[in-house]
Structure formats: C-alpha cells, structure tokens
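Following: one structure in structure tokens, then a few remarks.
The values are calculated or read from the model by the stated rules, or taken from the named source; none is laboratory data. All figures in this text were calculated on a predicted structure; none of them were measured in a lab. Cβ placement follows ideal geometry from the backbone for every residue including glycine, while neighbour counts extend to all protein chains displayed. To get the accessible areas, we keep the full protein, side chains included, count just its heavy atoms, and leave off ligands, DNA and RNA. Shrake-Rupley method; radii C 1.70, N 1.55, O 1.52, S 1.80 Å.
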Amino acid sequence: MTRRPWELVCCACWFVLAGCGDTQRSAPADGSGERLRFTDVTAGSGLELTLVSGAAPARQLIESMGAGVGLIDYDRDGDLDVFAPNGATLDTPRQGPGCRLFENRGELQFVDVTQAAGLTWSGWGMAVAVGDADGDGWDDLYVCAFGDNALLRNTGDGRFEDVTEVAGVGDERWAAAAAFGDIDNDGDLDLYVVNYFFHDLENPPPYTNFKGVAVPRGPEGMRAQADVLYENDGDGSFSDITALSGCGDVSPAYGLGVVMLDFDGDGQLEIFVGNDSQANFLFDDARGDATPVSADAAPDTAAPGRRRLVDTAALMGVGLSSMGREQATMGIAVADVDGNGYADLFTTNFSSDTNTLHTNLDGVLFEDRTARFGLSYVSRPYLGWSAMFFDFDHDADEDLLLFNGHVFPMATKLSMDSEARQPPLLFAREGPVFEPVGAASAGAWLGEPHNDRGAAFGDLDADGDVDVVVAELSGPLRLLRNDSEKAGTWISLALRDERPGARNRNGIGARVELAGGDPQRRWIFSGGGYASASAPHAHFGLPAGTSGVDLTIHWPDGRQQRLSGLASGRHHVVERRD
C-alpha cells in the first residue's frame with residue numbers, strides 16, 4: 001500500500017465582443033501543452049458507481065442537472081476518500097439508491113465502505129460540501145438535495161451520523177451548492193446554502209421553445225428560491241441569519257454555485273454566488289467607500305461579531321458579462337491568474353455564450369478579461385460545469401481543466417449549435433494566455449464526449465500531482481490519473497490548527513504564498529467547481545532543482561506564519577500551535 005510522503009511541520013468594465021481577439025489555437029509552440037496528460041483508470045479502481053439522476057433521456061429539467069462528488073479524508077489516514085451524494089428518480093424522489101463512500105486503500109484502489117460507515121442517506125442528492133462543522137477535528141459532510149438536505153457528522157470512529165435536525169440545517173427546498181467558511185470571524189465554520197427554484201414534480205411546467213426545439217422548461221419563468229446563511233453556534237447547532245446578515249435583502253435567484261473567499265484582502269471572507277440566467281451575487285460588508293487593501297499587507301481581521309452584508313457584484317463588476325448581460329453560471333474556479341496577489345474568478349456558462357474570467361484588479365474592481373487570456377471563443381459550443389485551476393505539469397503556473405455537457409438531451413450541432421454529449425476542455429498556461437490542448441497529446445479521455453457535471457480535484461495516489469474524479473449525468477464515476485510529464489518539482493500543504501479550542505481545524509479561508517521568483521498564491525476554500533468538494537490543500541509546481549521552499553501562511557484570523565526551507569517533493573502538514 002503506497003502512502004503519501006508525509007512531513008509534519010509544527011510551528012471598471014472592459015467591453016469586448018465574445019470571441020474578439022481570441023481565436024482557436026493549436027498546442028503551444030514550446031510543447032508545454034504536450035506535457036499535460038491524463039489516463040482514465042476507472043476500470044479496476046473499485047470506483048464502481050453509476051449515478052442516478054431521474055431517467056435518461058431527461059423529461060424534466062431536474063433530471064438534467066446531475067450531481068457532484070467530494071473528496072474527504074474521513075478516516076484521517078492521510079489519503080483522500082471519495083463521496084458521491086447520488087440522486088433519485090421522479091417516481092421516488094426522496095428514496096434513491098443512496099449516497100456512497102469509497103475508502104482510498106492506496107495505488108488508486110478504492111473500497112465501498114458506505115454500509116460500514118453507517119451512511120444511509122438516500123435522497124435526491126445534488127451537491128456536497130466538506131468541512132469540520134463541529135470543530136472536533138474530523139471532517140463532516142453536508143449534502144444538498146432536491147428536498148431534505150443533510151448534515152452527516154463524522155464521529156471519528158469510521159462512521160457518520162445524521163445530525164441535521166439537531167444542527168438545524170435541514171431545508172426542503174431545491175439546494176444546488178453549499179460552502180463552509182468563518183463569515184463572522186469567531187473561529188468556527190458557518191455554512192452558506194444555495195437554492196435553485198421551486199419545482200413541482202407532480203405538476204411540471206410545460207415544455208418551452210429553445211431555438212425551435214421543444215425542451216423542458218426552466219429556470220427562466222420559474223419561482224426562484226432564496227439562499228440561506230447559517231451561523232455556527234459553536235455547540236453543534238446553527239442559526240439561520242440570512243435576514244440578519246443582509247443576505248436576505250436580495251431578490252431570490254436561481255443559484256447553482258458558491259465560494260467563500262477573501263477577495264479584497266481585508267482579512268474577512270466574502271461570498272460569491274453563481275446564478276443561472278440572472279446576475280451573480282458578491283456579498284461583502286456595507287461601506288461608504290471601497291478602499292483597496294494591498295495584497296501583501298497583513299490586514300487586521302475584524303473582531304468576531306455579526307456582519308452586515310450587501311450585494312456588491314454590480315459595483316465590483318462580477319454580476320454580469322462584459323456586455324452587461326446575465327449569464328448562466330454553473331461552475332466556479334479561483335486562481336491568481338494575473339499574478340497581482342488577488343483571487344480572480346472563472347465561471348462556466350451556457351452554450352452559445354462564453355465562459356468568463358473576471359480578473360481582480362485591486363480588491364475593489366474586477367475586469368472581464370476572458371478574451372485577453374484566450375478563454376472565450378473556444379468555449380462557445382460547450383455548456384460548462386465543473387472547472388479548476390491547477391499546475392498539472394509542475395511548470396510553476398496553473399493550467400485549467402473543465403467539464404461539459406448539455407442540459408437538453410435532444411441538443412445537436414444543427415439544432416442548437418451544440419451537441420448533447422461534449423468532451424472536456426484542457427488549457428495549458430503559456431505566458432500571458434491559456435492554450436487549448438488536444439487529445440493527441442493529452443490522451444484519449446480528452447476527445448471522448450460525455451454529459452459531465454461535477455468534478456473533484458486532489459492527489460489521489462500520493463505521487464505529488466493532482467488527479468480528478470468526475471461525475472457524469474446518469475453515468476459512471478470516472479477516475480482520471482494525472483500522467484503529465486513534469487517540468488519541475490512540487491510541494492503541497494494541508495493546514496491543521498491544533499490550538500486548544502480551535503474549531504476551524506483545516507484553516508478554511510487561509511491564503512498560502514510561495515516566495516521567490518514569481519510569487520505564487522493558493523487559497524484554502526470551500527465550494528467552487530459544480531456541486532463538488534476538492535481537497536483543501538495548497539499545491540504548487542516548482543522550477544526543477546528547487547529544494548528548500550520559503551512560504552507564508554495567512555491564517556483566517558489574520559495571523560501570519562512564515563516557514564523556511566521546506567523540502568520540495570513532499571506533502572507537508574503544517575500545524576499551528578500558538
């Protein structure tokens with residue numbers, strides 16, 4: 001059994017026409033894109049699960065939304081296990097085949113331990129968020145569903161118990177995403193839950209016309225359902241503070257994604273919500289003027305207490321596209337794409353539109369630079385879902401992988417300018433732009449059309465690079481092993497807050513900065529992707545020959561921890577004990 005090489009360490013708008021200045025390009029001239037390669041190793045891995053999402057082909061929109069997948073080290077043995085919420089059918093929407101948990105036994109071998117773990121939840125699962133909700137050191141699972149969300153508490157002995165009712169986080173609305181984060185700066189993890197729209201299975205809306213084709217109706221014309229912000233009470237229970245926080249002041253929207261992150265560098269988390277066919281939300285503190293905080297500064301984190309939040313998406317330039325249009329945000333990815341120290345936002349959208357890259361200029365204003373970075377025109381035929389930035393080939397910059405598939409099973413290139421089943425898109429970062437990579441170099445998986453939805457990213461085989469688990473609509477889980485040729489070496493970190501009374505054990509909300517050369521930054525955050533939970537690790541590619549690594553951890557409470565001479569080629573667990 002192969003284990004991870006552990007080492008413990010104590011201590012204004014820019015307007016462009018879609019596709020303008022952005023043309024389909026071949027692989028990078030220097031061959032960097034040819035280094036990127038993945039292999040589908042699902043067969044024989046033990047990840048044997050065909051996901052359920054109503055019938056195929058879909059008759060109602062709910063059957064087309066699919067579900068996500070989550071990575072969680074549920075037994076704290078140092079490797080990443082796989083959780084799938086799974087769905088149900090129109091006939092028995094509250095009683096599907098049930099969620100599944102697969103234990104990682106090393107060497108990309110997984111064993112189904114659902115029954116042994118006491119996981120009996122079997123609703124219509126959509127999304128999963130992973131976080132230590134009760135601060136006991138063991139990550140828990142929050143499942144978003146079409147009716148009856150669930151908080152599954154990790155008891156620490158290999159089992160889970162349903163504590164939804166006791167915790168006060170049950171909700172019968174159609175929930176599509178959730179994220180954990182310390183929104184009130186009191187040291188524990190709060191929870192934001194994104195809801196979609198009211199859908200009556202017994203009396204579904206009639207079909208509507210889309211490009212001359214009759215298709216299931218939604219979300220436009222449907223009654224949107226409000227999101228919920230739960231404050232962690234610190235005793236295993238949560239309180240609904242949606243109204244008190246100000247998040248309830250917005251009109252309900254068709255929410256599909258959420259990320260909680262410090263976008264402006266003030267030491268407090270903001271909440272970005274991706275909405276379908278409506279403007280996105282960005283909840284931040286109400287303030288008279290927006291003053292940027294240097295990305296290199298050590299902000300004074302606000303004292304614990306309830307904050308008054310307002311939607312600043314329009315003001316900051318992330319509510320709409322560069323053309324001032326509402327988009328259909330599905331997935332969310334975060335990275336410092338332009339290298340200025342602030343987190344940028346990439347969102348996947350509907351077909352015949354482009355995916356969108358909003359670069360964070362100074363913590364106060366975002367700018368749509370999708371075309372400038374080479375990411376607009378190429379995405380127009382695709383309907384995007386999960387996406388993530390990672391340095392897959394260890395050349396010290398982050399690449400981009402995203403998964404696609406149409407919501408309408410009757411879609412064809414002739415009728416909708418887009419096929420129902422679509423291949424993934426892989427981009428190699430090449431200087432100032434992202435270059436598309438083809439299947440000839442990256443592997444057959446990249447040319448294979450699927451109807452993908454969720455995807456979770458993490459080093460599943462402990463070899464130092466980032467692998468992927470993909471959830472296909474009414475299809476099997478797929479395991480993609482990263483076989484990329486490496487240009488350099490690597491380092492990755494997991495954070496552990498071991499102080500007495502600490503409750504945010506994994507440092508959710510932290511920022512990690514790598515010194516030397518071109519500084520690199522990673523954020524430890526919850527949410528993103530589509531309906532999925534990736535590993536809460538900071539992963540960096542390093543130039544070849546790098547040995548000792550210097551970095552700074554900006555913990556969620558504002559404390560900075562500097563570490564020097566960390567060995568490359570290792571996964572470090574950084575413990576905080578001050």
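A few points about this structure:
- Over the stretch 380-462, all Cα pairs binned in 10 Å intervals from 0 give whole-percent P(r) values of 17, 44, 30, 8, 1, listed from short to long.
- Scattering profile of the stretch 448-578 at q = 0.10 Å⁻¹ [log10 I(q)/I(0), Debye over alpha-carbon scatterers]: -0.38
- Normalised radius of gyration (Cα atoms, divided by 2.2 N^0.38 Å) for the stretch 482-546: 1.33.
- Our note on the geometry: Cα centres of the stretch 383-446 and the stretch 544-578, 32 Å apart.
- Here the chain carries DSSP beta bridges of which approximately 90% are antiparallel, counting only pairs with both residues inside.
- Shape analysis of the stretch 324-424 based on the Cα gyration tensor places the equivalent ellipsoid semi-axes at 26, 16, 10 Å, largest first.
- Scoring 137-150, 496-509 by mean Cβ neighbours within 10 Å over their residues and listing the highest first yields 137-150, 496-509.
- Ellipsoid semi-axes for the stretch 62-208, based on the Cα gyration tensor and the rule √(5λ), read 27, 19, 13 Å when sorted largest first.
- Area projected by the alpha carbon convex hull of the stretch 25-148, averaged over all directions, nm²: 11.3 nm²
- Charge tally around Gly475: other residues with Cβ under 11 Å, Lys/Arg +1 each, Asp/Glu -1 each, net +1.
- For q = 0.24 Å⁻¹, Debye-computed log10 I/I(0) when each Cα of the stretch 408-511 counts as one equal scatterer: -1.37
- A simple packing score, the average count of other Cβ atoms within 10 Å per residue, orders the peptides 250-263, 365-378 as 250-263, 365-378, with the highest score first.
- Net charge dipole size for the chain [Lys, Arg +1 and Asp, Glu -1 on Cβ; Debye, nearest 20]: 1140 debye
- Per residue, the convex hull spanned by the Cα atoms of the stretch 319-378 amounts to 79 cubic angstrom.
- Asp463 versus Glu161: modelled label distance in nm, points set 7 Å from Cα along the beta carbon direction: 4.1 nm
- Using the Cβ-Cβ distance between Ala226 and Asp518 with R0 = 56 Å, the FRET efficiency computed as 1/(1 + (r/R0)^6) comes to roughly 0.85.
- Label-point separation in nm, Glu202 to Leu414, each point 7 Å along Cα→Cβ: 4.2 nm
- Across the stretch 376-442, Cα pairs under 8 Å and at least six residues apart give a relative contact order of 26 percent.
- Summing charges over all other residues whose Cβ lies under 9 Å from the Cβ of Asp139, with Lys and Arg as +1 and Asp and Glu as -1, gives -1.
- Protein heavy-atom accessible surface, 1.4 Å probe, per residue over the chain: 34 Å².
- Element breakdown for the stretch 452-578 at a 1.4 angstrom probe: carbon and sulfur atoms account for 45% of the accessible area.
- In the frame of its principal axes, the chain has Cα extents of 62, 58, 57 Å, reported largest first.
- Length available on full extension from Lys211 to Asn340: 0.36 nm per residue minus the Cα-Cα distance, which gives 42.3 nm.
- Seen from a random direction on average, the alpha-carbon convex hull of the stretch 457-510 projects onto 6.2 square nanometres.
- In Å², nearest 10: area of His554 left accessible to a 1.4 Å probe: 20 Å²
- Calculated over the stretch 310-352: convex hull of Cα atoms, volume per residue (Å³): 106 Å³
- Percent carbon-and-sulfur accessible area, the stretch 131-231, ignoring ligands, DNA and RNA, probe 1.4 Å: 46 percent
- Solvent-accessible area, 1.4 Å probe, carbon plus sulfur percent, for the stretch 335-421: 53 percent
- Calculated mean residue ellipticity, 222 nm, the chain: -500 deg cm²/dmol, from DSSP H runs (n ≥ 4) at -39500 (n - 2.57) each, averaged per residue and rounded to 500.
- Full-extension gain in nm, Ser239 to Leu90, via 0.36 nm per residue minus C-alpha separation: 50.5 nm
- Inverting the pair-averaged 1/r between distinct Cα atoms of the stretch 128-212 gives 14.6 Å as its Kirkwood hydrodynamic radius.
- Evaluated over the Cα positions of the stretch 99-173, the convex hull gives a direction-averaged projected area, one quarter of its surface, of 5.2 nm².
- Between Glu326 and Val433, the FRET efficiency estimated from the beta carbon spacing at R0 = 45 angstrom works out to 0.95.
- For the stretch 213-283, the Stokes-Einstein estimate of translational diffusion at 20 °C and a viscosity of 1.002 mPa s comes to 153 µm²/s, using the Kirkwood hydrodynamic radius over alpha-carbon pairs.
- The calculated pair-distance distribution of the stretch 161-266 uses every alpha carbon pair, bins of 10 angstrom beginning at 0, and gives 13, 37, 29, 14, 6, 0 percent.
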